[in-house]
Structure formats: C-alpha cells, structure tokens
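Every number here is computed from the coordinates shown, using simple stated rules; none is lab data. Being a predicted model, the structure only gives us computed values, none of them experimental. With ideal geometry, Cβ positions are generated from the backbone for all residues, glycine too; neighbour counts draw on all protein chains shown.
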Amino acid sequence: MTVAECIRVPALSDNYIWMLHNPSSKELAVIDPGDIDAVMAVLEHRGLEPTEIINTHHHADHIAGNTELMKRYGIPLTAPASDESRISDPITTPVSHGDHITIAGYNAKVIATPGHTMGHVIFYLEDCFGDHGLAIVGDTLFSLGCGRVFEGTMEDMWHSMLAVRDLPDTTMLACGHEYSASNARYVESLNWGRDAADARCAEIHRLRAEDKPTLPTLLGTEKAANPFLNCDQPDLARVFGLDESDPVAVFTALRQGKDNF
Ligand SMILES: [Zn+2]
C-alpha cells in the first residue's frame, strides 16, 4: 500500500484544513473545508481533484466549503450522523462511534469525542503512513490544548481526552487550529514542572517565531506534554490543589483556567 500524503492548508485566521492524498489511487479527501478559496488554491496549484469531503463537526469554520466542493466536483460527504440536522449539505455517509470506513482508500475508524460539540467525531487511520497512523482530531485536541467545551460536559470532554490518549504514541495528530502558541503560554503559567511540557513550549515558540506551523504533532509528545491528557496524574492535580483520583475536577479547573486566560 502506498503511504499517504497529508497536506496542510492554512485557512481563515488560524484554521488548518487537511487533505489526505493517496498517490496510487489518486483519491483525495478534503477534511473540514471551512474556506473554499484556500482549498481551491491548493487544488489548482497541485493539479489535484478532490474525491470526498470529511467533516469532524458542524461548526461553520469546518464545513463552509462543503456546498461549493460538492457542486463543483459531485463528491460525497462523510460527517457525523448526529450532526445531520446541523449540516445543511446532504451527508452521503453518516458515521457514528465504532464505524469502520475508508478515507482516500485508507482504513479509518470513527471515534466519538463529545465535548466541543455533542456530535464531534475523530477519524483514526491506523496504517496510512505504513508503520504509523494519523488521527484527524478536528477541534477535540490541539497541541498543548483541547477544544472549548461548548456542548458537552467537562466529564464528556475528559473521556474524549482518554479516547485520544488510547491511540498509539506514534500517531500523528491533524488538529483543526494553530492555537499552539497561546496554549504554550497558558501551560507555562501553570508552573507544572513537567520537562516534556517545557520542551514542547520552547519548540512551539521557536517554530512560531519563524512563522512555521507546529502541526501535525505526535501523540507521544502530547501524552507527555499536554496537560489536558494528564488530568489523572498527581503532578498536574497538585498544580490545582486537587486529587488525581478526581480527574474530572482537575480537567474542569484546567479548562476553565484556559477559558479565562
Ligand atoms: Zn469547532
């Protein structure tokens, strides 16, 4: 099987639209096309034609280009079944937790991650890069951060963190926004004392100072450095004067701290 090519498309103020390209079959999935102009510029520059659209959740900055792409190319849309009433385009393949589908010809598992929205799903492609995989995580997880909890409960979002954390360390994460610098400033303000977090913060500041992207990121790095994946760990619980046996309380304090940062 040919290894996938993952194309990062900066869009709007801080979004990333991702494209997954299968060089042998020529299939091309466009993930969360919130900005049709950004998508078209890359398609024209690369001489590529999309074959499908994938949505992680219903927010406009992830779906606004669906309609135009479907009209121009007549391509199918895969999106969360529970978002059918909130995405105005007809969903060709409505998906739910545990479904197995293909994206650009690569096997993908659908994992529900409620919290940012109730219907949010992520897509895990175990072997699209050969010996390691890719998780398309939308607005569930960012480097050193996680999505705002708009629709679900803090407990929902913590369980979504655990669902991501269950994936292998070698998984690359395609996140929906370049929020890393702001997340790094918040993590630094915690005085967590975790070496891996300090190292990732420094790396992010260096990359952003050079105007370079910080994504995709490696899940192994995030497991060690991202506090939102560490709410059941004593060193993080201590930051908030809480007990690690109540990770939802730690997650709530951590998330609310970022909301007000
Ligand atoms: Zn969103």
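Here are a few things to note about the model shown:
- When Leu48, Leu77, Leu20 are checked against the criterion of being out of contact with any Gly (no Cβ under 7 Å at 6 or more places or on another chain) and touching a residue at least 40 places away in the same chain (Cβ under 8 Å), a single residue qualifies: Leu20.
- Residue in the range 30-69 that is nearest to Val137 (Cα to Cα), counting only those that are in a helix (DSSP H, G or I), more than 16 Å from the ligand (Cβ to nearest atom) and in contact with an Asp or Glu (Cβ under 6 Å, 6 or more places away or on another chain): Ile36
- Taking every residue in the range 149-166 that is within 10 Å of Thr113 (Cα to Cα) and pairing it with any residue that is away from the ligand (no atom under 16 Å from the Cβ) and not in a helix (DSSP H, G or I), at least 6 positions away or on another chain, the pairs with Cβ-Cβ distances below 6 Å are Ala163/Ile111.
- Of the residues examined, Leu207 is not one that is hydrophobic (A, V, I, L, M, F, W, C), touching a Lys or Arg at 6+ places or on another chain (Cβ under 9 Å) and under 20 Å from Tyr16 (Cβ atoms).
- Residues (more than 17 Å from the chain's Cα centre (by Cα) and among the small types (Gly, Ala, Ser)) located in the range 8-57: Ser24, Ser25, Ala38, Ala41, Gly47
- Residues that are within 12 Å of the ligand (Cβ to nearest atom), of a type outside the set (A, V, I, L, M, F, W, C) and either within 14 Å of Asn230 (Cα to Cα) or out of contact with any His (no Cβ under 9 Å at 6 or more places or on another chain) (or both), drawn from the range 141-177: His177
- On inspection, Ala41 fails the criterion of being touching a residue at least 40 places away in the same chain (Cβ under 8 Å) and among the small types (Gly, Ala, Ser).
- Any hit, the range 80-97, residues being aliphatic (A, V, I, L, M), within 15 Å of the ligand (Cβ to nearest atom) and within 21 Å of Leu141 (Cβ to Cβ): no
- Which numbered condition Ala181 fails, given (1) within 15 Å of the ligand (Cβ to nearest atom); (2) surrounded by fewer than 22 Cβ atoms within 10 Å (Cβ to Cβ): (1)
- Summed over the range 145-168, residues that are among the β-branched types (Val, Ile, Thr), surrounded by 20 or more Cβ atoms within 10 Å (Cβ to Cβ) and either at positive phi or assigned to a loop (DSSP other than H, G, I, E, B) (or both) total 1.
- Any hit, the range 113-124, residues being free of Cβ contacts under 8 Å to residues at least 60 places away in the same chain, crowded, with 22+ Cβ neighbours inside 10 Å, within 15 Å of the ligand (Cβ to nearest atom) and part of a strand (DSSP E or B): no
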